[in-house]
Amino acid sequence: MRQIFPAAEGAAEIGPIPRRGRRQEAGPAVTALGALYAYPDAAAGAAPWLRASMVASVDGAASLEGRSGGLSGDADRLVFSVLRSLADVILVGAGTARAEGYRPVRDDEVWMALRDGRAPVPPIAVVTGKLDLNDDAPLLAGSAEGARTIVLTTEAAPAARRAAVARHADVVVAGRDAGAPAAAVGALAARGYRRVLVEGGPGLLGQITAAGLLDEICVTVSPVLEGGRAGRIMAAPQAGPGAAAGLRLAHVLEDHGFLLCRYLRVR
Ligand SMILES: NC(=O)c1ccc[n+]([C@@H]2O[C@H](COP(=O)([O-])OP(=O)(O)OC[C@H]3O[C@@H](n4cnc5c(N)ncnc54)[C@H](OP(=O)(O)O)[C@@H]3O)[C@@H](O)[C@H]2O)c1
């Protein structure tokens, strides 16, 4: 993997991608990526910093056969693990949690050297209105103490489902009904989670962007043509104003035809 923008004199090589399954021992590539993707100091301030991480095909698809995994590659998976390691919390929409079979982060999936004295793994926070989640699946039933799964829902959610989910996970009622991601993000900030990694999906990301909450987006462009069946990485909410926003390119990495781009929102 190498950095191709900004052109880095003599330091273009990020280093070889470490073997999977040895996530505890951070080598030069992980150290370099930890510095390249460090959250800005602003993330330590009052407002949380929201970073999205998405992968897309060259023709803009967010999934191959319903899942994003087919678009990924070794470099993308490494950056994914670095981004998770740097985050206080991972925010994900229930659609993605269901489609991708989300489960709690394991400690061999993050780099301890990047955890900065925080809990060994960041918790997953799922945003859901319907609470249509499997109570017995690992995402709810299998999270570790200190990184218990957080379920962010609304007052409109069925009370019986709220009670059932609360047996396993921390249920947080944020806002009256769906469509108010600011309440969910505020609830995370109130718990001290300021470095937020948004792993999608397109529906949640569209809402966060429309609400003006997104600070940066890391996009991996995968050297694949999906062919036009799948949706894009962002889906606008049905109502509300447009959310077009300027971005500044922070860096581009390249590996085997994959482009890993970090963009910061221009405020
Ligand atoms: N390319 C990538 O990097 C990437 C990343 C992630 C996902 N994906 C793909 O994207 C697809 C899933 O995306 P998606 O857009 O359908 O789902 P999504 O954005 O993950 O989740 C949408 C769901 O989140 C809940 N939700 C969102 N905003 C809410 C709010 N303000 N209040 C309450 N609940 C809220 C609702 O859940 P309820 O229905 O439970 O009420 C809604 O149906 C999958 O195919 C996945 O593989 C791709």
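The values are calculated or read from the model by the stated rules, or taken from the named source; none is laboratory data. Because the structure is predicted, anything quoted here is derived from the model rather than measured. Note that we place each Cβ from the backbone using ideal geometry, even for glycine, and neighbour counts take in every protein chain shown. Keep in mind that these areas ignore ligands, DNA and RNA; they rest on the heavy atoms of the full protein, side chains included. Shrake-Rupley method; radii C 1.70, N 1.55, O 1.52, S 1.80 Å.
Couple of notes before you dig in:
- For the chain, accessible area per residue (1.4 Å probe, heavy atoms of protein chains only), Å²: 47 Å²
- Residue ranges 221-230, 192-201 sort as 192-201, 221-230 when ordered by packing (mean number of other C-beta atoms within 10 Å per residue, highest first).
- Label sites at LEU249 and GLU65, each approximated as a point 7 angstrom past Cα along Cα to Cβ, lie 3.3 nm apart.
- Shown for the chain are the DSSP H helices of 15 Å or more along their axis, judged by Cα atoms, with a mean Kyte-Doolittle hydropathy of at least 0.0: 74-86.
- Taking label points 7 Å from Cα along the Cα-to-Cβ direction, ASP170 and ARG148 give a separation of 0.8 nm.
- When ILE14, ILE4 are compared by accessible area at a 1.4 angstrom probe, the order from most to least is ILE4, ILE14.
- Less than 5 angstrom separates the built amide H of ALA125 from those of ILE90, LEU91, VAL92, ILE150, all sequence-distant by 5 or more or on a different chain.
- Sequence of TYR102, TYR37 from largest to smallest accessible area, 1.4 Å probe: TYR102, TYR37
- Taking only the alpha carbons of the chain, we obtain Rg and Dmax values of 17.9, 60 Å in that order.
- Extent along the principal axes, Cα only, for the stretch 190-244: 42, 27, 16 Å, with the longest axis given first.
- Taking the three principal axes of the alpha carbon atoms in the stretch 57-167, the coordinate ranges are 43, 39, 21 Å, sorted in descending order.
- Carbon plus sulfur fraction of accessible area for the chain, probe 1.4 Å, in percent: 53 percent
- Whole-Hz Karplus values for the stretch 212-219 come out as x, 8, 7, 9, 7, 9, 9, 10 Hz, taken residue by residue from phi with 6.51 cos²θ - 1.76 cosθ + 1.60 and θ = phi - 60°; glycine and proline positions read x.
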